[in-house]
1. For the chain, what is the mean residue ellipticity at 222 nm derived from helices alone (per DSSP H run of n ≥ 4: -39500 (n - 2.57); sum divided by total residues; nearest 500 deg cm²/dmol)?
2. Indicate the gyration tensor shape class of segment 1-40 (rounded, prolate or oblate), computed on the Cα atoms with a ≥ b ≥ c the square roots of the eigenvalues: a/c under 1.5 is rounded; otherwise a/b larger than b/c is prolate and the rest oblate.
3. Along Cα→Cβ, 7 Å out, is where each label goes; now give me the distance between the ones at residue 74 and residue 268 in nm to one decimal.
4. Provide the net charge surrounding residue 136, with neighbours chosen by a C-beta distance below 15 Å and charges set as Lys +1, Arg +1, Asp -1, Glu -1.
5. When only Cα pairs under 8 Å and 6 or more residues apart are kept, what is the percent relative contact order across segment 22-105?
6. What is the distance in Å between the Cα centres of segment 123-192 and segment 55-76?
7. Leaving out ligands, DNA and RNA, what percent of the accessible area of the chain is carbon and sulfur, probe 1.4 Å?
8. Straight-line reach only, C-alpha to C-alpha below 30 angstrom: list the lysines that residue 120 could link to, leaving out same-chain residues fewer than 8 apart.
Amino acid sequence: MIRIGYAGVNTELPSAGKTFRLSGYSEERMLEVSRGNIEALGEILRWNDRHGIRLFRITSNLIPFGSHPVNSGSWKRVFRRDFENLGYFIRESGMRVSMHPGQHTVLNTPDDRFFESVLKDLEYHDAVMSLMGLGRDNVIVVHGGGGYGDRTGSLRRLRSRINGLPDRYAGRLALENDDRVFTASVIHALCRQTGLPGILDVFHHEVLPSCSGTSTRELIIKFATTWGGFRQKIHYSDQDPDKRKGSHSQSVNVSAFGTLLETIGDLELDIMLEAKDKQASVLALREAYPELK
C-alpha cells in the first residue's frame with residue numbers, strides 16, 4: 001500500500017507557521033503566536049483526518065524562533081498539554097508526521113561555532129516531536145549539507161558529525177539526497193555507514209543523478225534497506241517549467257506520477273509530495289488513482 005501526504009501548509013486553512021521579526025521579539029508575543037500556530041496545526045490535522053490523509057510534515061516555524069538564543073524555551077512548559085493532545089490525536093488517527101529543518105541546519109558546516117546553532121535547531125525539532133510523544137518513525141529530515149570546495153572532506157566531516165550526535169537527535173534523523181551536492185548513491189552509502197534511514201528524493205535524483213543503470217524502483221528498494229523496522233518514506237515532486245532547474249512545480253503532474261505508480265504500486269511506501277498547492281495535489285492524485293491512501 002502506498003500512502004501520500006503533503007508538507008507544512010494547508011492552503012484552505014490558517015497557517016501553523018506564523019512568525020514575526022526578531023526585532024519585535026518578546027516572550028509574550030512568542031507565546032501568543034505559538035498558541036495560534038498550535039491551534040492551527042490541530043485544525044490541519046483534523047482536516048487531514050476527515051479526508052483520510054495520514055502523512056503530513058509539520059512546519060519548522062511552529063514555535064517562532066524556537067531554537068534561537070532569545071527564546072527561553074518556556075513554550076515547552078506552557079504548551080505541554082497541548083502537545084500531548086496533538087500527539088494523542090496523531091497516534092489514534094494512525095497518522096505519521098515529520099519535520100524538515102531549513103537550509104541553515106547544515107550538519108557538515110566547517111564552522112564549529114555555527115554547528116552549535118545547528119545542534120540547537122535539532123534540539124528544538126526533537127523537542128516538538130518528543131513533547132507529542134511520537135515514535136522515531138516520525139522523522140526529522142535533513143540534507144547532507146554543502147560541498148565547500150572539497151566534497152570528499154565535506155562528506156568525511158558529515159559522517160563524523162552524525163556519529164558524534166547525541167542519540168536523542170540521531171535516533172530521529174533521516175538523510176535525504178539533494179540536487180546540488182550529495183547524490184542518492186552517496187546518501188545511501190552514508191546511511192549504511194551511520195545507521196540513519198535514507199529518504200530518496202525522486203526529483204532531486206533526476207536533477208543530480210547517480211546509480212547509472214538503476215531504475216527508480218530498484219533505487220527505492222535499495223533505500224528501503226536503511227529503514228530497519230520502520231516504514232519507508234520518499235519525496236516526490238516535479239520540475240516547475242518556468243523556473244530554474246530543481247524548482248518544485250505548483251502541482252504534481254498526475255500523468256507522470258501515474259507512470260511511477262505503475263512500477264512501485266506493490267510496495268509498502270509513504271510518499272511526501274512537495275508541490276506548492278499542498279493538499280490539492282494529494283486529493284487530485286487520490287481521485288486519479290483510488291488505490292492510493
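1. -13000 deg cm²/dmol
2. Taking the square roots of the gyration eigenvalues as a ≥ b ≥ c, segment 1-40 is prolate.
3. My value for the distance between the label points is 4.6 nm.
4. Net charge around residue 136: +2.
5. This gives 42 percent for segment 22-105.
6. Going from one Cα centre to the other spans 19 Å.
7. Percent of accessible area from carbon and sulfur atoms in the chain: 48.
8. 18, 76, 233, 276, 278
The values are calculated or read from the model by the stated rules, or taken from the named source; none is laboratory data. Just so you know, these numbers come straight off a predicted model, no measurement behind them. No Cβ is skipped: glycine too gets one built from the backbone with ideal geometry, and neighbour counts run over all protein chains shown. The area values use the complete protein model at the heavy-atom level, side chains included, leaving out ligands, DNA and RNA. Shrake-Rupley method; radii C 1.70, N 1.55, O 1.52, S 1.80 Å.
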